[in-house]
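Trainee: One structure coming up, written as C-alpha cells, with questions to follow.
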Amino acid sequence: MTQCSPLDGASHNAPPPVTRQGYRNAMARLGAAVNIVTTDGPGGRHGFTASAVCSVTDSPPTLLVCLNKGSSAAGPVHANGVVCINTLAAGHEPLSNLFGGRTPPDERFASGTWHMGATGAPMLVGAVVAFDCRIVRAVEVGTHDVLFCEVIGVAEGGSDESLIYYDRRYHTLSGPTDD
Ligand SMILES: NC(=O)c1ccc[n+]([C@@H]2O[C@H](COP(=O)([O-])OP(=O)(O)OC[C@H]3O[C@@H](n4cnc5c(N)ncnc54)[C@H](O)[C@@H]3O)[C@@H](O)[C@H]2O)c1
Ligand SMILES: Cc1cc2c(cc1C)N(C[C@H](O)[C@H](O)[C@H](O)COP(=O)(O)O)c1[nH]c(=O)[nH]c(=O)c1N2
C-alpha cells in the first residue's frame, strides 16, 4: 500500500489528498460482479460492461448503474430510457472485454445469444440473472451518470458460477453445491 491510513496504525495527521490513481488502486481491492448493461429503442441498440451496479431498494425494486458520460453507450441509454442488466457467468470473459470499450455496437452483439426483454432491451441467454429495467432517474456525479433503474422483470439463468472482477482480473465464484 503506498498511502498511509489508520489501518496501518499511522497517526491521524492531515491525510494526503486522494489522487485518481490512488482511488482506482483502492477500488481495485473491491471484488464486484460483472454485468453487461444493454439498451434498445429509438436511440439504437447498445451495451457496455459495468461493475458499478448496486441494489438500492426492494420497494420498488431498484438498482443503480454508474455510466461514464463519455461512453459511446451514454446517448442511446438516455434516449431509450430502458436497460437490461445482464450479470455474467463463468466463461463470459471474452464477452465482458468485447463490451468493455472501443468495439462498434453491432460487433458487440454478434457474440452471445440475445433475446428481447419486455422493455425491448437485449437479454443475454446464459446470464446468471438478468434485470429488465426502466430508468426512473439519472443523477450526474463527476464523470458519471448514476442511473436509478426500476426492475420490471427478472430472468434467472441456470449457471451457478458467477464472474467476478477483482484486482484487475477476472475470477469465478461458485454457488452452493448439492452435496
Ligand atoms: N465505474 C467505472 O466506470 C469503471 C469500473 C471498472 C472499470 N472501468 C474501466 O475499465 C478499464 C479497466 O479497469 P481496471 O479495473 O482494470 O483498472 P483501473 O485501474 O482503471 O480501475 C481500478 C478500479 O477503479 C474503479 N474505476 C476505474 N475507472 C473508474 C472511473 N472512470 N470511475 C469510477 N471508478 C473507476 C473501478 O472500481 C475499477 O475496478 C478502465 O478503462 C476503467 O476506466 C470503469
Ligand atoms: C470489467 C469492466 C468493468 C467496467 C468497465 C469495463 C470493464 C472491462 N467499464 C468501461 C465500459 O465498459 C466502457 O467504457 C464502455 O464499453 C464504453 O466504451 P466505448 O465508449 O463504447 O468505447 C465501465 N464503464 C462504466 O461507465 N461503468 C462501469 O461500471 C464500468 N465497469
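Nothing in this text is a laboratory measurement; each read-out follows from the coordinates by a stated rule. From a predicted model like this one, the values you see are computed outputs, not experimental measurements. Cβ placement follows ideal geometry from the backbone for every residue including glycine, while neighbour counts extend to all protein chains displayed.
Trainee: Would you mind telling me which residue in THR49, THR38, THR57 has the biggest mean-square fluctuation in a Gaussian network model of the chain, where springs connect alpha carbons within a distance under 10 angstrom?
Mentor: Result for the chain, Cα springs under 10 Å: THR57 fluctuates most.
Trainee: Name the residue, out of ALA74, ALA28, ALA110, whose mean-square fluctuation peaks in a Gaussian network model built on the chain with Cα pairs under 10 Å.
Mentor: ALA110
Trainee: So which trypsin sites (Lys or Arg not before Pro) in the range 78-179 pass both tests, a DSSP loop state and at most 12 other Cβ atoms within 10 Å of the Cβ? Walk me through the intermediate numbers first.
Mentor: Values: sites: ARG102, ARG108, ARG134, ARG137, ARG168, ARG169; in loops: ARG102, ARG168.
Passing sites in the range 78-179 are ARG102, ARG168.
Trainee: Determine how many Å³ per residue the convex hull of the Cα atoms of the chain encloses. Walk me through the numbers on the way to the answer.
Mentor: Working: hull volume 28.4 nm³, N = 179.
Each residue corresponds to 159 Å³ of Cα convex hull volume.
Trainee: Of ALA110, ASN68, ASN86, which is farthest along the charge dipole of the chain in the positive direction, counting Lys and Arg as +1 and Asp and Glu as -1 at C-beta?
Mentor: ASN68
Trainee: A further question on this structure: Relative contact order for the range 33-165: what is it in percent, counting Cα pairs under 8 Å that are at least 6 residues apart? Could the numbers behind the result be given before it?
Mentor: Numbers: 323 pairs, mean separation 40.9, N = 133.
So the answer I get is 31 percent.
Trainee: Any chance you could run the full-extension gain for ALA52 through VAL154? It's 0.36 nm times the residue separation minus the Cα-Cα distance, nm to one decimal.
Mentor: On the way: separation 102, 0.36 × 102 = 36.72 nm, distance 1.90 nm.
Computed gain between ALA52 and VAL154 is 34.8 nm.
Trainee: Something else about it: Taking the Cα centre of the range 1-129 as origin, work out the dipole magnitude from +1 charges on Lys and Arg Cβ and -1 charges on Asp and Glu Cβ, in debye rounded to 20.
Mentor: Values: 7 positive and 6 negative charges, 60 e Å.
With Lys and Arg at +1 and Asp and Glu at -1, about 280 debye.
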